[in-house]
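Everything below concerns the one structure shown next.
The values are calculated or read from the model by the stated rules, or taken from the named source; none is laboratory data. What you see is a predicted model, and the numbers here were worked out from it, not measured in a lab. Quick reminder, even Gly has a Cβ in these numbers, built from the backbone with ideal geometry, and neighbours come from all protein chains shown.
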């Protein structure tokens, strides 16, 4: 077959296949164009998940008639003033979005130019452009897309359900609106407004972001997220890191942005994982919203068709700054644990309470019916203690049955003798007892002012019950002490460094040269963790020392795992995880075991240590070490509120 030139329509359809895989992709491109047009309000309306109708309207600067005609040609853009693709200061810049959408749909664009004040419209069907016509339109641009992919029926076969497509559109708008809190957004689906976000009025961008986060993710996220901020060499990172105990089964709750662009970049995802490396189980994911601002010339956003991935000029700097920012935020968060843990426990208690009430009502109803049918006394109810009601009152209104007189007299006599013996004690003994008791009460009352309160008792030799000024705290003594010992080990290593074990003869590991090239830039970082590697000819690495804690490790497998992690996450984290795992195991064996009875002094000492230790709100495996129940929560359980 001879080489031929493809027709323009087919070229545009191929380009559309690269840029548009579903309605959400079209919405993303159109909303990004509206943001680039300096809009302060963007309204999105879709029908049938966006398959039959998409409308994006904004109040931006609009276009002239000549610009409107050019905007529908491929590779025509107003967002790239120069020819440097490494200095992109806009979300959209390729000039492919509108012609690609127009090639596979029925498109109408209506716009009013801010400079001339004139409005124009144009219609395109399957890539065939009509003429530009005068129109009546308020300031801004309105783009309507009907019957997406009608010109490429094969693509329609791969569309998902209306609900799935709608969810994808909503997620796109969620992420874009999160990155641009100064813009108002609305989303309407099938005539119902499902999203209505007002523009931020606070001059501080951080405050605007916090307000937008609360609107989108709810107050629960803000209450359980720690603010983070770091800046180095013109790179700024800010946002919110959720407490480790507020985690999810997937990473879809991680909102990551580079220069206002939502991304799913493996380096940033790996950095988030590195920041939570020793406070979260490997199969759990934190909730985060993190923004990275980088000079445009230091990041390449042109490495992915949908611009979902980026490439940094100095990836190690970005990753290191993000990891340190997350860890610093978690460290400053101290011993906090997510309120969601307490709310989950409270919901479980309320369910059990409702079930118990139903069981009691059912048992009482059965007992009453049985008593009426068989003339048995009410005291036969299995839920009422035997002898609780006086036999003399059966058949009438029941009254409490008092103990027999002889027993009561014996009790009164013994009580009187005990009080007499106390009165005969010396005044100094009474004063000493009173002073000791008063000091003990004062100490307990002062302990209640601490966040974790004062220990009151121990249940099942594993759970400490403490009372603070707000309510009740339940502490898992083994998990809490395990974290304390683990942090102590880490502090000792930080002071003295990780002990290394030199190998008598270097271990030579044969590897793919590409894996070696990816791994060697991290040699200095690995050496700090006790692993000394260097190139050994073509296709091999020499390992000269390993961390002493990992003396039984399979060196070849460890090196290959590290190389695989660089491919997946952009950095090797397996070594640090292995070191932390050993420390965690040592901490587990060196901590207070479940089943050990503690004195009140030991329990209070543990609580005070937790309050002074960062990350003590969760154990080494990411489980909470304590839960709080406020007095209001407890009173609600008993129907007092």
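Scanning the range 461-490 for residues that are part of a strand (DSSP E or B) and without any contact (Cβ under 8 Å) to a residue 40 or more places away in the chain, we see that the one that is surrounded by the most Cβ atoms within 10 Å (Cβ to Cβ) is 467.
Residues in the range 491-523 that are part of a strand (DSSP E or B) and in contact (Cβ under 8 Å) with a residue 40 or more places away in the chain were compared, and the one that is surrounded by the most Cβ atoms within 10 Å (Cβ to Cβ) is 509. Residues that are at pLDDT 85 or above and part of a loop (DSSP other than H, G, I, E, B) are absent from the range 559-572.
Only residues that are over 30 Å from the mean Cα position of the chain (by Cα), touching a residue at least 12 places away in the same chain (Cβ under 8 Å) and at positive phi were counted across the range 524-578, and they come to 2. The helices (runs of 4 or more DSSP H) found wholly in the range 157-230 and carrying at least 3 residues that are more than 29 Å from residue 244 (Cα to Cα) and assigned by TED's automatic domain parsing to the domain that holds residue 35 occupy 162-179. The residues in the range 607-629 that are surrounded by fewer than 20 Cβ atoms within 10 Å (Cβ to Cβ) and in contact with a strand residue (DSSP E or B) (Cβ under 7 Å, 6 or more places away or on another chain) can be counted, and the count is 2.
Just one of the listed residues (332, 297, 358) is more than 30 Å from residue 97 (Cβ to Cβ) and at pLDDT 75 or above, and it is 332.
The set of residues from the range 295-324 being over 20 Å from the mean Cα position of the chain (by Cα) and surrounded by 20 or more Cβ atoms within 10 Å (Cβ to Cβ) comprises 299, 301, 307, 310, 312, 318. The one condition from (1) in a helix (DSSP H, G or I); (2) under 18 Å from residue 243 (Cα atoms) that residue 290 does not meet is (1).
I'd like the full set of residues that are closer than 14 Å to residue 191 by Cβ and either assigned to a helix (DSSP H, G or I) or out of contact with any strand residue (DSSP E or B) (no Cβ under 7 Å at 6 or more places or on another chain) (or both), limited to the range 32-49.
Taking the range 32-49 as the starting set, the residues that turn out to be closer than 14 Å to residue 191 by Cβ are 43-49.
Once the filter is applied, which keeps residues that are closer than 14 Å to residue 191 by Cβ and either assigned to a helix (DSSP H, G or I) or out of contact with any strand residue (DSSP E or B) (no Cβ under 7 Å at 6 or more places or on another chain) (or both), the range 32-49 yields 48, 49.
To keep it simple, each residue is scored yes or no on (1) in the same structural domain as residue 46 (by TED's automatic domain parsing); (2) in contact (Cβ under 8 Å) with a residue 40 or more places away in the chain; (3) not in a strand (DSSP E or B).
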site: 107; (1), (2), (3): yes, no, no
site: 116; (1), (2), (3): yes, yes, yes
site: 136; (1), (2), (3): yes, no, yes
site: 148; (1), (2), (3): yes, yes, yes
